[in-house]
1. Residue check, B:Pro171 against (1) within 8 Å of another protein chain (Cβ to nearest Cβ); (2) more than 20 Å from B:Ser226 (Cα to Cα); (3) not acidic (Asp, Glu), all met but one. Which one?
2. What are the residue pairs meeting all of these: first residue in the range A:295-309, first residue closer than 14 Å to A:Glu188 by Cα and assigned by TED's automatic domain parsing to the domain that holds A:Val426, second residue of a type in the set (Ser, Thr, Tyr) and assigned to a helix (DSSP H, G or I), Cβ atoms under 8 Å, and 6 or more apart or on different chains?
3. Identify, please: which residue in the range A:288-309 is under 14 Å from A:Asp484 (Cβ atoms) and in a helix (DSSP H, G or I) and is, among those, modelled with the lowest pLDDT?
4. Look at A:Arg166 and say whether it is over 26 Å from A:Ser300 (Cβ atoms), surrounded by fewer than 18 Cβ atoms within 10 Å (Cβ to Cβ), of a type in the set (Lys, Arg) and not assigned by TED's automatic domain parsing to the domain that holds A:Val58.
5. Against the condition in a loop (DSSP other than H, G, I, E, B) and either closer than 22 Å to B:Leu209 by Cβ or not assigned by TED's automatic domain parsing to the domain that holds A:Val434 (or both), how does A:Leu387 come out, does it pass?
6. Which one of these does B:Gly269 not meet: (1) assigned to a helix (DSSP H, G or I); (2) within 11 Å of chain A (Cβ to nearest Cβ); (3) among the small types (Gly, Ala, Ser)?
7. When the range A:102-152 is examined, which residues are found to be within 12 Å of A:Ala169 (Cα to Cα) and of a type in the set (Val, Ile, Thr)?
8. So, A:Glu368, is that one part of a helix (DSSP H, G or I) and at the interface with another protein chain (Cβ under 7 Å from one of its Cβ atoms) or not?
Amino acid sequence: MTNDPESQSHTGDELLDIRGIRKVYGGTVALGGVDFSVRSGEIHALLGENGAGKSTLVKLLAGIEPRDGGSISVGGVTLGESHDPQDVDDVGVAFIHQQIGLIGDMTVAENIALVSGYPKRVGLIDWSAVARVAIVALQRMSVDIDPREVVANLPVSAQSIVAIARALARDSKLLILDEPTATLTVAEVASLFTILRRLRDEGVGIVLISHRLDEVRALCDRVTVLRDGEVVGVAEMSKISDDEVIELIVGRRVVGLERIDTTAADPFLEFIGVRSRRLRDVSACFSRGEVVGVTGLVGSGHTEIGNLLFGQAPLVAGRITIAGGDFRPADPVDAIKGGIGFVPGDRNGEGAAVDLSVRENLYLNPKEGFFALLRRNPEARRARATLDRFDVRPPEPETVFSTLSGGNSQKVVLARWLADQPEVIVLNDPTAAVDIGARHEIHRMLRMAADAGSLVIVITSDMEEIEQVCNRALVCRAGRVVADLRASQISVSELTRYSLEAA
Amino acid sequence: MPTPERDVVGAAAAQLGRYGILVLMVSLLVLFSGLKPDSFATFNNYRAILDNQTIVVLLAFAAMTPLIVGQFDLSIASVLSLSHILVVGFIGKSHMNVALAVILTLFFALVYGFVNAIIVVKCKVDAFVATLATGSVIGGIGLWYTEGKTLYNPVPKAFTDIARGRPWGIPATAIYVFVVALVLWVVLSSLPVGRRMYATGGNRRAAQLTGIRTDRYLMAAFMVSSFLAGIAGVVLGSRLGTASPATGSTLLLPAFAGAFLGATTIRPGRFNVVGTVVAVYALSIAISGLQQLGAPVWFEPVFNGSALAISVALSGWAVRLRAERAKSRQLKILGGE
């Protein structure tokens, strides 16, 4: 499994060949002599927990940061010791990040021209040629995107496709995709994958960085796993099981959560004929002690259920009741009074004030009275206990929030609510862009909250997550709940089927 | 492996960053006192610097309060100017009782703050633009009230004593600044209100989602800002005993320079009371000392402008430095496992 001899024997046609690359940050070894190679015409997964060294490796390859040792060659061309982003661009490597790097106010064609160069005629930009270049680039992807459309008006999947088209307009031989699907819906992921497979067949080398094992399994030919700045495994995907991959990533065996059917014997929260801007007649009931997954495609209305509970969307008709009493929050203040906790999907954008400390983020809205002095030391002690309990690393209350990894920052946002046991907690995409180890810990936190008597509602487009953590699942389509599945009925395929199926 | 020396250097750099402006202020004080023992190093000069800057400190607090919730208030200098005109006018022209005139002036200041708040929070106009506009309107009211002339009407000693009084030999203005600073410091650093203000400034959406009514904090910040500018105006009117619509506008820049430079020190990376006080005095000691050494008149605005630009750059750098250090600490922890 480790350093599969087969992968060593292909040195002849390596497209990307990185050898013994090292990076040290202020005395800390981020990468300690890593070998990484990608062939033409393969999709190669680069996996590892946050902090394992994936992003450092990408930064060194991209020439954003200088390396402290090792060599990089692309298509036989060896890059100089301190190459810059332009050099990498010249040898045909393109990077596609989560933040896609397109300019929203400009058209598709203009964005493509930004990197491929503006064709000129008599010194002026030749706009029809700009459009032609874009059309050719988009045709290669076999997608129907209007080059005159303003990028901001396109769905996110189309935006990433434009980003890829832009890379290909420069004849890139190697694409590095960093979590390209984090913001995409199931259908969008499928179309992106079709395109990536086609590019592979045309001989392009592709590196996929992802936390989603199901995607890696569906798409990749080989996998390299990093842990603590070292390569801990290189394997053909067909020769390694998911459990083995996870063990490589985490460094220990991870035991899945047991799924138990809950019986909604004692409904605590009820939706009765609820209508809103996005929901058309939804009735559902939820009990304490349940972890209920709510899923659907973008626009299906699944996120609206959480928004209604937290006063983020107006109720048009119908009733929501908690313990039999009418519940109609006008804003988050009402919702919190009604016992609801809410974890937004966009962690840094909506979940935390990232420049403040972890302690301040835990107690962002202190519950103490108006004239209560917030004394730093007792608060820090309380924060430390909470951080320990939820296994946040480092458990330092004065750490600046923005320096935490995705998993740890999400744990802090969760701990803010879970520490005082709300009756209902609504979570939006709780493990988006969180590594596999932290994902399991977050799932365990949710289970513990439910066991302690909370109702946990997980709103997510990640169906694997529902399969892993939920006792029940609701699937929304076109503003209605089309399926209410018990634990034994939940599977990614069932969830996908219900969310896609025409009514 | 982590090298201990590097970390010591890093920690020292962080401490220096934290107290850098304070160290600079003290060094300048010592330096100028040494260079000009007869004029700079006198009790009267120290007292003059302390006294002179009180208005700038109050105005810097007025700039700082909206900055904490993530907003600019550019109208503070106009509020200061109009307040000093009104208080002098009420007393000198309308022969109003001093206490009533002061209360009325401060009430008007609160009203401008309320108007700013409504325009920004309810009408959702960008604060920078909104307060630029209201500042011009408020300045216009001052011109209308004075008809563009300086008010020389005699005012009673009870009024001028507000700023010129020296209980126990301490300038009364220094006492006002101390009291205002103490109240602001307690509220901002130790009361839930302060936490919610920093939360609102840090991420308004996240603050709302934890149940903070951010609109109220934004409104309050603009009203406090105008109120503080009003206090500064009353002190200014009392000190001068006269009022002119031309007075006040030159103080806007030093006030913002103080607030931004203050954000690089004591609590680097965030606007804070003590840092603001230290920054205003550091700037004024530098200017006063250099002027005594023969710096020309044009030097002061050039110095203040440079200080504002540099302090904004520094405060960004302070945040990044802190983040870098935290990150490398974290890597060490992860690496140690």
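1. Looking at each condition in turn, B:Pro171 falls short on (1).
2. A:Gly296/A:Ser499; A:Leu297/A:Ser499
3. Within the range A:288-309, the match that is modelled with the lowest pLDDT is A:His302.
4. Values: over 26 Å from A:Ser300 (Cβ atoms): yes; surrounded by fewer than 18 Cβ atoms within 10 Å (Cβ to Cβ): no; of a type in the set (Lys, Arg): yes; not assigned by TED's automatic domain parsing to the domain that holds A:Val58: yes.
No: the conditions fail for A:Arg166.
5. Answer is no for this residue.
6. Against the list (1) assigned to a helix (DSSP H, G or I); (2) within 11 Å of chain A (Cβ to nearest Cβ); (3) among the small types (Gly, Ala, Ser), B:Gly269 comes up short only on (1).
7. Selection gives A:Ile112, A:Val115, A:Val130, A:Val133, A:Ile135, A:Val136.
8. no
The values are calculated or read from the model by the stated rules, or taken from the named source; none is laboratory data. Since the structure is predicted, the reported quantities are computational estimates derived from the model, not experimental observations. Neighbour counts run over all protein chains shown; Cβ positions are idealised from the backbone, glycine included.
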